Amino acid sequence: MEKSWSGDSHKILEQATGLDNYNRWLVGHFSRYFGQAILEIGSGQGALSKLLPAKAIVILTDIIPEYLDGLKRTFTDPVLSLDIEKEAPAKLVGKMDTIFSSNVFEHIKNDGLAFANCFKLLESGGHLLLFVPARPEIYGRMDDEMGHYRRYTRSELSAKAHKAGFKIKQIYYANLPGYFLWWGRGFLGQSKSDGLFAKIFDRLIVPFLYLEKFVHPPFGQSLVLIAEKS
């Protein structure tokens with residue numbers, strides 16, 4: 001069945017935009033790898049975009065007109081309509097030293113094409129930085145209603161990056177508490193997002209997630225990928 005960005009996806013994105021602690025934690029996984037020419041795939045409402053290095057040239061992208069309009073109003077950075085599954089703009093091929101994307105590739109039907117196009121756009125030595133949902137066993141109704149095609153395993157994500165030509169520098173699971181919370185919501189049949197729950201998670205749980213930098217958990221709600229075009 002063909003899937004698309006849904007109303008539930010939009011609600012989740014709106015909630016995530018206000019989760020400052022979570023967003024800083026998420027971007028922090030990649031801070032040492034951001035370069036000077038960054039392409040963000042799926043900038044949405046710009047919650048993570050504003051946390052990217054201020055001194056870098058950042059190109060913001062999306063495929064949803066209302067998000068593109070909002071980004072243009074909010075940011076002075078270039079904003080492009082880009083479907084990474086279908087194209088690698090000629091003017092950007094080999095020009096980017098960083099491609100960053102969070103919770104987007106699960107929405108792409110043929111993500112192999114997206115990996116290949118990212119490889120084309122990066123210069124030699126450039127980095128692909130991905131944050132994606134993990135663990136198929138907790139895929140539930142909420143994933144389906146959000147338009148997800150998949151939740152990744154570590155081996156699947158690694159294999160797809162390798163196939164596109166990337167060298168894996170780091171790949172690891174993140175957000176162990178979130179794994180159980182997402183599973184529990186699916187087990188209880190809860191398919192709708194909960195703004196109050198999200199705020200509680202942001203304030204009370206996220207501070208503990210920083211402990212994972214000392215020992216990566218054996219599984220988690222999400223996967224972090226840092227790959228290089230060598």
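The values are calculated or read from the model by the stated rules, or taken from the named source; none is laboratory data. Nothing here was measured: the structure is a model prediction, and the numbers come from that model. Glycine also receives a Cβ, built like all others from the backbone with ideal geometry; neighbour counts cover every protein chain displayed. Heads up: the accessible areas ignore ligands, DNA and RNA and are worked out on the full protein's heavy atoms, side chains in. Shrake-Rupley method; radii C 1.70, N 1.55, O 1.52, S 1.80 Å.
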Listed by first then second residue, the pairs whose first member lies in the stretch 94-112 and is on the phi > 0 side of the Ramachandran plot and open to solvent by less than 30 Å² (accessible area, probe 1.4 Å), whose partner is charged (D, E, K, R) and part of a loop (DSSP other than H, G, I, E, B), with beta carbons under 6 Å and at least 6 positions apart or on separate chains, are none
Would you confirm, using the coordinates I've provided, whether residue 87 is buried (at least 18 other Cβ atoms within 10 Å of the Cβ), of a type in the set (Asp, Glu), at pLDDT 95 or above and farther than 26 Å from residue 177 by Cβ?
no
- prompt: in a helix (DSSP H, G or I), out of contact with any helix residue (DSSP H, G or I) (no Cβ under 9 Å at 6 or more places or on another chain) and surrounded by fewer than 18 Cβ atoms within 10 Å (Cβ to Cβ), is that true of residue 181?
  reply: no
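If only one of 200, 168, 226 is more than 18 Å from the chain's Cα centre (by Cα), β-branched (Val, Ile, Thr) and on the phi < 0 side of the Ramachandran plot, which one is it?
Numbers: 168 fails: more than 18 Å from the chain's Cα centre (by Cα); 226 fails: more than 18 Å from the chain's Cα centre (by Cα).
Unique residue meeting the criteria: 200.
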Screening 221, 170 for residues that are over 19 Å from residue 138 (Cβ atoms) and modelled with pLDDT of 95 or more leaves only 170
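Results for (1) modelled with pLDDT of 65 or more; (2) in a helix (DSSP H, G or I); (3) under 21 Å from residue 174 (Cβ atoms); (4) open to solvent by less than 60 Å² (accessible area, probe 1.4 Å), shown as yes or no for each residue.
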site: 2; (1), (2), (3), (4): no, no, no, no
site: 11; (1), (2), (3), (4): no, yes, no, no
site: 15; (1), (2), (3), (4): no, yes, yes, yes
site: 21; (1), (2), (3), (4): yes, yes, yes, yes
site: 42; (1), (2), (3), (4): yes, no, yes, yes
site: 45; (1), (2), (3), (4): yes, no, no, no
site: 54; (1), (2), (3), (4): yes, no, no, no
site: 59; (1), (2), (3), (4): yes, no, no, yes
Residue hits (the stretch 94-148; part of a helix (DSSP H, G or I), more than 12 Å from the chain's Cα centre (by Cα) and of a type outside the set (A, V, I, L, M, F, W, C)) are 111, 112, 117, 120, 136, 137, 141, 143, 144, 145
If you check residue 223 against the conditions, is it among the hydrophobic types (A, V, I, L, M, F, W, C), crowded, with 16+ Cβ neighbours inside 10 Å and under 27 Å from residue 112 (Cα atoms)? yes
Conditions (1) of a type in the set (S, T, N, Q); (2) more than 16 Å from residue 230 (Cα to Cα); (3) in contact with a helix residue (DSSP H, G or I) (Cβ under 9 Å, 6 or more places away or on another chain) -> residue 110 fails only (3)
